[in-house]
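Data block below; observations after.
The values are calculated or read from the model by the stated rules, or taken from the named source; none is laboratory data. Just so we're clear, the structure is a prediction, and the values are computed from it rather than from any experiment. Don't worry about glycine lacking a Cβ; one is built from the backbone with ideal geometry, like all the others, and counts go over all protein chains shown.
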Amino acid sequence: MFKFDFIKYKAISITLSTILIIAGFAVTFGKYDGFAHSLDFDGGLRSVIELPIGKGRSDLESFFKKTEIEAVIILLEKDKNIYQMDIGLGSTPQIDQLYNQIPENERELKTSSIDKFVTILQREFQVPKEKILSADQVGAVVGSELTSTGITLLGTTLLIILLYLSYRSQFKFALASALALIHDILFTLAMIGFFQMKPSVPMIAALLTLLGYSINDKIVVFDRIRENSHGKDNLALSNVINISIGQTLGRTINTSLTTLISVVAIIIGGAVELYDFAFILIFGVVVGTYSSIFIAAPISEIYDQFRRKRKLA
């Protein structure tokens, strides 16, 4: 069994997490004025086209980089060379500028941003009209619904976890788990904002998956603490926590590594559309494992000490 005084460094771990979370959000809102814009949450332009033979993702990426148009490129059908392109509304000035460079006799004076964008793509990649499979301007209504649903699911999940763990074990463990889960979500959101990752539906799925993985790890640790503390009221909770974490550490590391291998396979496999999903899960697994040991367990010990002092007062 691995022996280490995990509780001894609780002040350092909690303080470090707090500083990193605050720093992440400070950069997000101080430097970038918030999270990155995305089509799902802010609206924009979405087009699906079948590129000519010999053209592909690299050509699209090169074009968008050259024109400074922010685009998310998704390969829908490899055999037919069909791509979906999502353009944020922030890139409409670049689209207008490119469209105005087209000779007047070859463009319409009154047209929407999506029509302008399609015309630009047709000229740049020699795409006939019938190969433009769809072209729409997407509103932000879906984004607001997703945000509301995500927040509701998160709040409901935390409440259910708090009630379940209060019934299954003790309130101090339930409270520590709920606060540690909030820590995991805030830490991950701070990372998303710091690196300006574009919010999306897979990102919400990754955050909810992170919740499920993280609470599972914490339940294992707290179950062992509860078992080891049974009938040992004279033993300090800090000692029980250190013993219990040492007993479960091997399982925790093995579970985390197994999960990481599966997620890394998504990146190695070249599933570009799922990169953000994979990166969030990798970060979340690491943070969830860390919080189970250095955040959740210490919080339960801090609450236990506070409750004992109130009884003695």
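Just one of the listed residues (Gly212, Gly193) is over 29 Å from Ile245 (Cβ atoms) and in a helix (DSSP H, G or I), namely Gly193. Restricting the stretch 258-290 to residues that are closer than 29 Å to Ser238 by Cα and touching a Ser or Thr at 6+ places or on another chain (Cβ under 7 Å) leaves a set whose member that is surrounded by the fewest Cβ atoms within 10 Å (Cβ to Cβ) is Phe283. Checked against the criterion of being under 19 Å from Leu189 (Cα atoms) and either touching a strand residue (DSSP E or B) at 6+ places or on another chain (Cβ under 6 Å) or part of a helix (DSSP H, G or I) (or both), the candidates Val221, Val285 yield just one match: Val285.
Can you list the helices (runs of 4 or more DSSP H) found entirely within the stretch 1-116 that contain at least 3 residues being among the polar types (S, T, N, Q) and either more than 30 Å from Ser148 (Cα to Cα) or touching a residue at least 12 places away in the same chain (Cβ under 8 Å) (or both)? Write out each step before concluding.
Numbers: elements: 10-30, 39-42, 57-67, 92-100.
The helices (runs of 4 or more DSSP H) meeting that bar are 10-30, 57-67, 92-100.
The listed residues are Leu121, Leu133, Leu60, and the only one of them that is over 30 Å from Tyr32 (Cβ atoms) and either among the β-branched types (Val, Ile, Thr) or outside the structural domain of Met197 (by TED's automatic domain parsing) (or both) turns out to be Leu133. Only one of the numbered conditions (1) crowded, with 17+ Cβ neighbours inside 10 Å; (2) over 24 Å from Phe194 (Cβ atoms); (3) touching a helix residue (DSSP H, G or I) at 6+ places or on another chain (Cβ under 6 Å) is not met by Ile74, and that is (1). Note on the stretch 152-168: residues that are more than 16 Å from the chain's Cα centre (by Cα), touching a residue at least 24 places away in the same chain (Cβ under 8 Å) and closer than 22 Å to Phe277 by Cα total 2. Total residues in the stretch 199-236 satisfying the condition of being surrounded by fewer than 21 Cβ atoms within 10 Å (Cβ to Cβ) and farther than 30 Å from Glu273 by Cα: the figure is 15. Looking at the stretch 100-124 only, could you name the residues that are touching a helix residue (DSSP H, G or I) at 6+ places or on another chain (Cβ under 8 Å) and among the aliphatic types (A, V, I, L, M)? Result: Ile102, Ile120.
Taking the condition out of contact with any Phe, Trp or Tyr (no Cβ under 9 Å at 6 or more places or on another chain), touching a residue at least 40 places away in the same chain (Cβ under 8 Å), in a helix (DSSP H, G or I) and of a type in the set (Val, Ile, Thr), does Ile204 pass? When the stated conditions are applied, Ile204 passes them. Among the residues examined, Tyr213 qualifies as hydroxyl-bearing (Ser, Thr, Tyr) and either under 12 Å from Gly288 (Cα atoms) or not assigned by TED's automatic domain parsing to the domain that holds Ile299 (or both).
Comparison of Phe195, Phe187, Phe171 shows that the only residue that is of a type outside the set (Asp, Glu), touching a residue at least 60 places away in the same chain (Cβ under 8 Å) and surrounded by 14 or more Cβ atoms within 10 Å (Cβ to Cβ) is Phe187. Only one entry in Thr259, Thr252 is of a type in the set (Ser, Thr, Tyr), closer than 29 Å to Ile299 by Cα, assigned to a helix (DSSP H, G or I) and over 19 Å from the mean Cα position of the chain (by Cα), namely Thr252.
The conditions of being within 25 Å of Ala190 (Cα to Cα), of a type outside the set (Val, Ile, Thr), loosely packed, with under 15 Cβ neighbours inside 10 Å and not assigned by TED's automatic domain parsing to the domain that holds Ile204 are not met by Gly54. Looking only at residues in the stretch 124-153 that are assigned to a helix (DSSP H, G or I) and at pLDDT 90 or above, which one is nearest to Thr92 (Cα to Cα)? Within the stretch 124-153, the match that is nearest to Thr92 (Cα to Cα) is Glu124.
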